[in-house]
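Have a look at the structure below, then the notes.
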Amino acid sequence: MALRIREILSSTMESIEGAQAAGLVGTDGIAVEMVEAEANDREDMEANEEMAIELAGLMGALNRSAGKLEGGKIKDFIINAAERTFIAAMVDKEYFMVVVLDAEGNQGRALFELKRAVGKMKREV
């Protein structure tokens, strides 16, 4: 199963111009698997763990807000910052996928590929 998850993440990242990383994250903030465009080192791993925790917190907060607004559960969200863009999409109630883009990354393509990958990932988790 872990190998298949890694394959899905890698192929998703490779199909998106400007992708820096892709991951499967639990809603508890624990990264199940992360792949990066560049070699992993301890500093990158710590940054990915921190990113997973922050995005999981945001996903929880967004779901609570959407519920209060009677909008239903969050399907996906995009954070477009100056240096990076984070695109996250729910896989199921326990996991979400995230793609990290550089400033020049193709957001439309990333969202499209992420949604395709979510369909594949649903069969793995």
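Rounded, prolate or oblate: pick one for the chain, where a ≥ b ≥ c are the square roots of the eigenvalues of its C-alpha gyration tensor, a/c under 1.5 means rounded, and failing that, prolate if a/b is larger than b/c, else oblate.
Rounded, because the longest to shortest axis ratio a/c is under 1.5.
Where does helix 2-14 land angle-wise versus the long Cα axis of the chain, in degrees 0 to 90, nearest 10?
Rounded to the nearest ten degrees, it is 80.
Scan the chain and report its longest stretch carrying no GluC sites (Glu not before Pro) that are both in a DSSP loop and have at most 12 other Cβ atoms within 10 Å. Each step should come with its number before you reach the end.
Details: sites that count: Glu17, Glu38, Glu70, Glu83, Glu94, Glu104.
Longest site-free region, per DSSP loop and neighbour criteria: 39-69.
Taking the Cα atoms only, what angle lies between the long axis of helix 42-68 and the longest principal axis of the chain, rounded to 10 degrees?
20
What is the order of Val99, Val35, fewest Cβ neighbours within 10 Å to most?
So the ranking, lowest neighbour count to highest, is Val35, Val99.
Coordinate-derived values only; no laboratory data. All values derive from a computational prediction rather than experimental measurement. With ideal geometry, Cβ positions are generated from the backbone for all residues, glycine too; neighbour counts draw on all protein chains shown.
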